[in-house]
Structures are given as structure tokens and as C-alpha cells.
Amino acid sequence: MKQLKVGGLMTDDVVTALAGTTFREVAKLIAEHDVSGLPVVDDDDHVVGVVSESDLLARRAPTVRGVMSAPAVTVHAEEAAADAARLMVRRGVERLPVVDEEERLVGIVTRRDLLRVFLRPDPEIRRRIREEILADAMALSEDAVDVHVLDGVVTLAGRLRTRGQVVTLLRLTERMDGVVTVVDRLSARDEGHGLAPSSARAAYDLSD
């Protein structure tokens, strides 16, 4: 099942600052390039922090080193965009520097970039769950369970043969591009043999 990667959304022309960049210079960079924040790198392009407008407003210092948020929360270009969006929400950040295998900066992705993933129409999400997950990935009929989608919230209801199938369906669905939350109303025929019943669970809410 194909997933959109961070590399497909990131901007590779990144405005950066050094830890020794002055407070005034970084404020000028943010204003001139109309960005709300930027990565702070060392002389080898390793990301050492991130500085934002809110950092500048909250405190003053002679250089960026005194105001930046560190260590930076970063992602790799090959990571799934949906996973990066969830990381962004969990860590409460507006942007993620994208780094290579040696942790050198190669791009940046913002909350606005990542939330584009979650603008997929509900009918398309439903169709992809039925065709790509139920039929292709799990070799089940497309109507093996009831799939209801509203504003990216997917409700899965029905009964599958095994608990393992339930877990697989939930895991693949919550990782699909466009899915905001998964509501579990599934059961399995083998749950009567000592396995714990499937419980309602929700994926990460990205609507904020």
C-alpha cells in the first residue's frame, strides 16, 4: 500500500541560521523570507535546534543559541507523511527539519504541508480502505466489514475470523493517508478462546 513520504512534501530550499547568528539577524531572516521559524545548523549542516517567532518574542539574547529550541525534532525524507504529522502534533511543533542518514539538513516540512495529507475526500478514503487494505493487503472481500468515513474519521464495524486480522486492519487503516482517527467496532470469531476482545481505540487527532 503506497504512502505519501515526507520527501514528497518538504521544501528543499531552506532558510537557516547558525547558533552564532545574532538575534537581530535571525529576526530579519524570518521577516524577509516570510517564514514563522527556521532550523539552526552547525558548520556541517547538522541540525542543532529550531528558532521560531514565538522563541524570539518570549526571550531575548545576543545570539540564536540563547533562544532556540534544542534539540530539534527531526524526520527523514523516507518517513510516511502521516507519521510525521502525528509526531508534529505529539511534540507540539509547527515545523520539522528533514535530515539525511548523517543527520544533515536536506529540507523542511511544516504543519501546513503535512495537513494537506488529511484533505483526502471521505469517499476516496473509504474506497482505498476497501480496495487496498481489505481486498489487496488482506485478501478479504471489500465488504468484509462496514467502513464508514466522515471528515477523515473512519469507523470499522463487523466481525473478522481472527484477532490478528482485526489488529492488522486497524494498523493499516490508521496509517493510510487522509485518516485522522480510527474508531474500532470490530470483533473476531476466535476471541471466545481466551483472547482479549478488541477495544475501541482512536488514532492521533490532527484537527487542531
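Here, each number is a calculation from the coordinates, and none is a lab measurement. Predicted model, so just to flag it, every value in this text is computed and none were measured. Heads up, the Cβs are rebuilt from the backbone with ideal geometry, glycines too, and the neighbour counts pull from every protein chain shown.
If you run the Gaussian network model on the chain, springs between alpha carbon atoms under 10 Å, then out of 37, 107, 20 the most flexible one is 20. Taking the Cα centroid of region 18-84 and of region 127-190, what is the distance between the two, rounded to the nearest whole Å? If we compute the Cα centre of each part, the gap is 40 Å. Each residue of region 122-134 is assigned a 3J(HN,Hα), and the resulting list reads 4, x, 5, 4, 4, 4, 5, 5, 5, 7, 7, 9, 5 Hz, derived from the Karplus form 6.51 cos²θ - 1.76 cosθ + 1.60 (θ = phi - 60°), x at Gly and Pro.
Note on the chain: helix-only mean residue ellipticity at 222 nm, from DSSP H runs of 4+ residues weighted -39500 (n - 2.57) and normalised by residue number, equals -7000 deg cm²/dmol. The orientation-averaged projected area of the convex hull spanned by the Cα atoms of region 54-115 comes to 4.8 nm². Label positions at residue 33 and residue 90, each projected 7 Å from the Cα along the C-beta direction, are separated by 2.8 nm. Kirkwood radius and radius of gyration were both taken over the C-alpha atoms of region 6-117, and their ratio Rg/Rh is 0.95. Residue-wise HN-Hα couplings along region 149-165, as the Karplus relation 6.51 cos²θ - 1.76 cosθ + 1.60 with θ = phi - 60° gives them from phi, are 10, 9, 6, x, 8, 9, 10, 10, 9, x, 10, 9, 6, 10, 5, x, 5 Hz; Gly and Pro carry x. Computed from Cα positions, the angle between helix 81-91 and the longest principal axis of the chain comes to roughly 60 degrees.
Within region 120-193, all pairs of alpha-carbon atoms sorted by distance into 10 Å bins from zero give the percentages 21, 58, 18, 2.
Checking every one of the GluC sites (Glu not before Pro) in region 27-127 against DSSP loop status and a limit of 12 other Cβ atoms within 10 Å picks out 78, 101, 102.
In whole angstrom, the chain maps to an equivalent ellipsoid with semi-axes of 42, 15, 15, each derived as √(5λ) from the alpha carbon gyration tensor and ordered largest first.
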